[in-house]
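To start, the structure itself, in structure tokens.
The values are calculated or read from the model by the stated rules, or taken from the named source; none is laboratory data. Values in this document were obtained by computation on a predicted structure and should not be read as measured data. Cβ placement follows ideal geometry from the backbone for every residue including glycine, while neighbour counts extend to all protein chains displayed. Just so you know, the surface numbers come from the protein's heavy atoms only, side chains and all, with ligands and any DNA or RNA stripped out. Shrake-Rupley method; radii C 1.70, N 1.55, O 1.52, S 1.80 Å.
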Amino acid sequence: MRENAGTKSANNTACLTLSNITIRLGGRMLIALTAGIAPGEVLTIMGPSGSGKSSLLAFVGGFLDPAFDAGGRVLIGTRDLTEIAANQRHAGILFQDPLLFPHLSVGGNIVFAIPAAVKGRSARRRLAEAALDEVGLGGFYDRDPDTLSGGQKARVALQRVLVSHPRFLLLDEPFSKLDAALREQTRELVFSKARSAGLPTILVTHDSADAEAAGGRVIEIGMEEQG
Ligand code: ADP
Ligand code: MG
């Protein structure tokens, strides 16, 4: 396996700042949060189902449904992202499901995410092959994503996010569908990649073992009011 071939963002030193974030739904306050997340740091937001975790990530990513009433600012470094469209924020997002494109090969899924600034079909393919190699999937380029195990799909999804050179990572319970042993391995991989790429990372989860594995600050939400 090669180390960080094409997936390590160079010199990422920008903090992600969540300033006075509030998210309300039908007059009920779901989220009230201020936090700074340093490069390579993982902040965990832990709360039960329905507490507003995915909504928080949607707000930070710029795609919160207008049914919510949200306020506050999101900054990367000194740049205010709050009014910027989702596709201009350069968030790397992993969900519960790996959401690989079924009509593309495994390698095609990675190539799709490589910035357009990387020119040339063969250069793009080499980067994708290196990214696969890095996570033990050398030789998987031409495979149909449907033929991969859950853990393999999760690793492809991770590398697809990292080759896009995001400025920060948003993790929405990405380990919750993996069985115990695989969950631990995948967690280790995701957190070590986030750290080595210097990415400020927000993990949301209902699982205290995820929070512990993340090894950073944990903020609990929605503990009262939940039935
Ligand atoms: P979590 O991720 O912690 O399970 P969510 O952020 O998905 O919680 O949801 C928070 C609350 O908002 C829940 O009560 C949910 O039913 C509601 N909700 C989620 N999405 C929408 C939407 N698009 N419109 C209205 N309500 C929503
Ligand atoms: Mg959710």
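Here are a few things to note about the model shown:
- Measuring with a 1.4 angstrom probe and ignoring ligands and nucleic acids, Glu83 comes out at about 150 Å² accessible.
- Carbon-plus-sulfur accessible fraction, the chain (probe radius 1.4 Å, protein heavy atoms only): 51%.
- Fraction of antiparallel bridges per DSSP, the stretch 8-226 only, in percent to nearest 5: 50 percent
- Within the chain, helix-based [θ] at 222 nm, where runs of 4 or more DSSP H residues each add -39,500 (n - 2.57), nearest 500: -9500 deg cm²/dmol
- Rounded to the nearest 20, the size of the Cβ-charge dipole of the stretch 8-226 about its Cα centre is 920 debye, with Lys and Arg at +1 and Asp and Glu at -1.
- Taking Cα atoms only, the orientation of helix 121-134 departs from the longest principal axis of the chain by about 70 degrees.
- The modelled label-to-label distance between Arg126 and Asn87, using points 7 Å beyond Cα along the C-beta direction, is 2.9 nm.
- Per-pair calculated FRET efficiency, R0 = 22 Å: Ala35 and Ala180 via Cβ, rounded to 0.05: 0.15
- With both labels modelled 7 Å from their Cα along Cα-to-Cβ, the Leu104 to Ala117 distance reads 1.9 nm.
- Label positions at Arg24 and His206, each projected 7 Å from the Cα along the C-beta direction, are separated by 2.6 nm.
- For the chain, the longest principal axis of the Cα atoms and the long axis of helix 180-196 meet at an angle of about 90 degrees.
- Selection from Ala35, Ala131, Leu169, by position along the positive dipole direction of the chain (Cβ): Ala131
- If you count Lys pairs in the stretch 8-226 whose Cα atoms are under 19 Å apart, skipping same-chain pairs closer than 8 places in sequence, the total is 5.
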